[in-house]
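The values are calculated or read from the model by the stated rules, or taken from the named source; none is laboratory data. Here the structure is a predicted model, which means the values were calculated and not measured. Because the Cβ atoms are built from the backbone with ideal geometry, glycine has one as well, and the counts that use them run over all protein chains shown.
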């Protein structure tokens, strides 16, 4: 009996060490504790670092997974996930915390798929780009009456309309001749953007990111560039036109990888909208100027898509586990596209 008890206690201790993030909403302090908990559980393959501060002084923390944390290894691709750019769109924030815990847990369990992923890729996870907006939204919670409460940063700026407008330069060059990639920033770009945007731009310029996804809410669809159409019209105008990039086929493939690995995105009918295959060209849905995904592509050639993951921008706590199960495989499969030879099944 004593031997059985000893085994049980060891198993219980192991479970406590690798138990997944509780399915709850995480305020800023709780988010920071969670990141450092993962860091302490997997110290050999993780690093926590900050890319800057929000308007209210909150750190924009990133959790890195790599077999050599803090070091870029030749031929090893850099990948990033960004969540909570709009402070009231919170599911991405929770999914990325869950993903961080999952990667650590499966690394400790010696899951071959996750071991290979961490060995061959440098993964950067920014759970919240807009922690100030989140705190405003979280104060009201899932039952908030204001649909836009907490969306913007503390200066009232929509961060996904705050990047330098490189599309205009691209469309000019397309017509009159000039480069269509690695477009330079305007000289006064720092004075045009918010602290959170500036931090992300400097981050993008500091790492050779190859692939990226930006997690949003309010719809269920995988959105790919360009977001801004040649004849820019706002969402409210209900006039849109497809604006493909030179890499349109690859962007569609990447979007479909996420959509079809997701529990229901691929079905197309979600939140009252219909998107064939669960994907859309951004400008074909509605034209958006100064967005982050177009900026990534035009300035650094990083292939970023925007993932709209829930009809409800602030899901109830009871919905988080279902959302995690619906997104887990998609998050891993999309990450694996940076190395196409990876298998497309999850061993757990």
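Looking at the stretch 147-176, I want the residues that are farther than 27 Å from residue 217 by Cα and have a partner that is modelled with pLDDT of 95 or more and in a helix (DSSP H, G or I) with Cβ atoms under 8 Å, at least 6 apart or on another chain. Which pairs are those?
Taking only residues 6 or more apart or on different chains, the pairs are 169/298; 170/298.
Only strands (runs of 3 or more DSSP E) wholly contained in the stretch 1-117 count here; list those with 1 or more residues that are within 22 Å of residue 338 (Cα to Cα) and modelled with pLDDT under 95.
Values: elements: 46-53, 59-65, 78-83.
Once the strands (runs of 3 or more DSSP E) in the stretch 1-117 are filtered for at least 1 residues that are within 22 Å of residue 338 (Cα to Cα) and modelled with pLDDT under 95, nothing remains.
Search the stretch 276-300 for residues being in contact with a strand residue (DSSP E or B) (Cβ under 8 Å, 6 or more places away or on another chain), surrounded by fewer than 24 Cβ atoms within 10 Å (Cβ to Cβ) and outside any strand (DSSP E or B), and hand back the single one that is modelled with the highest pLDDT.
278
Answer yes or no as to whether residue 211 is touching a strand residue (DSSP E or B) at 6+ places or on another chain (Cβ under 9 Å) and closer than 19 Å to residue 333 by Cα.
Working: touching a strand residue (DSSP E or B) at 6+ places or on another chain (Cβ under 9 Å): yes; closer than 19 Å to residue 333 by Cα: yes.
So residue 211 fits the description; yes.
Among the residues that make up the stretch 202-216, is at least one of them over 15 Å from the mean Cα position of the chain (by Cα) and more than 16 Å from residue 295 (Cβ to Cβ)?
Of the stretch 202-216, the ones over 15 Å from the mean Cα position of the chain (by Cα) are 202, 205-208.
Still in the running and more than 16 Å from residue 295 (Cβ to Cβ): none.
Checked the stretch 202-216: no residue is over 15 Å from the mean Cα position of the chain (by Cα) and more than 16 Å from residue 295 (Cβ to Cβ).
For residues that are touching a helix residue (DSSP H, G or I) at 6+ places or on another chain (Cβ under 8 Å) and crowded, with 16+ Cβ neighbours inside 10 Å, scanning just the stretch 19-36, find the one that is farthest from residue 87 (Cα to Cα).
Only one residue fits best here, namely 21.
At pLDDT below 95, more than 24 Å from residue 207 (Cα to Cα) and over 17 Å from the mean Cα position of the chain (by Cα) - does that describe any residue in the stretch 326-343?
Scanning the stretch 326-343, I find at least one residue that is at pLDDT below 95, more than 24 Å from residue 207 (Cα to Cα) and over 17 Å from the mean Cα position of the chain (by Cα), so the answer is yes.
Might you let me know whether the stretch 310-323 holds any residue that is in contact with a strand residue (DSSP E or B) (Cβ under 6 Å, 6 or more places away or on another chain), modelled with pLDDT of 95 or more and buried (at least 22 other Cβ atoms within 10 Å of the Cβ)?
No; the residues of the stretch 310-323 include none that is in contact with a strand residue (DSSP E or B) (Cβ under 6 Å, 6 or more places away or on another chain), modelled with pLDDT of 95 or more and buried (at least 22 other Cβ atoms within 10 Å of the Cβ).
Under 6 Å between Cβ atoms, which residue pairs at least 6 apart in sequence (or on different chains) link something in the stretch 246-262 that is without any contact (Cβ under 8 Å) to a residue 12 or more places away in the chain and at positive phi with a partner that is part of a loop (DSSP other than H, G, I, E, B) and surrounded by fewer than 18 Cβ atoms within 10 Å (Cβ to Cβ)?
none
Quick one: in the stretch 261-275, which of the residues that are farther than 14 Å from residue 223 by Cβ and surrounded by 17 or more Cβ atoms within 10 Å (Cβ to Cβ) is farthest from the chain's Cα centre (by Cα)?
My answer is 266.
If you take the residues in the stretch 177-196 that are under 20 Å from residue 59 (Cα atoms) and without any contact (Cβ under 8 Å) to a residue 60 or more places away in the chain, which one is surrounded by the most Cβ atoms within 10 Å (Cβ to Cβ)?
That would be 193.
Filter the stretch 219-244 for residues that are modelled with pLDDT of 95 or more and more than 22 Å from residue 170 (Cα to Cα); which is surrounded by the most Cβ atoms within 10 Å (Cβ to Cβ)?
Step by step, filter the stretch 219-244, then rank; the result is 222.
Looking at the stretch 140-160, is at least one residue modelled with pLDDT under 95, loosely packed, with under 13 Cβ neighbours inside 10 Å and part of a helix (DSSP H, G or I)?
yes
Would you check which residues across the stretch 69-110 are under 17 Å from residue 49 (Cα atoms) and without any contact (Cβ under 8 Å) to a residue 24 or more places away in the chain and list them?
70, 71
Output the number of residues of the stretch 44-57 satisfying the condition of being within 19 Å of the chain's Cα centre (by Cα) and surrounded by 14 or more Cβ atoms within 10 Å (Cβ to Cβ). Step through it out loud before you land on a result.
Keep residues of the stretch 44-57 that are within 19 Å of the chain's Cα centre (by Cα), which gives 46-54.
From what is left, the residues that are surrounded by 14 or more Cβ atoms within 10 Å (Cβ to Cβ) are 46-49, 51-54.
Here the count works out to 8.
Can you confirm whether the stretch 80-89 contains a residue that is crowded, with 21+ Cβ neighbours inside 10 Å and on the phi > 0 side of the Ramachandran plot?
yes
Does residue 211 satisfy the condition of being within 29 Å of residue 138 (Cβ to Cβ) and in contact with a helix residue (DSSP H, G or I) (Cβ under 8 Å, 6 or more places away or on another chain)? Show your work before the answer.
Values: within 29 Å of residue 138 (Cβ to Cβ): no; in contact with a helix residue (DSSP H, G or I) (Cβ under 8 Å, 6 or more places away or on another chain): yes.
Judged against the criteria, residue 211 is not a match.
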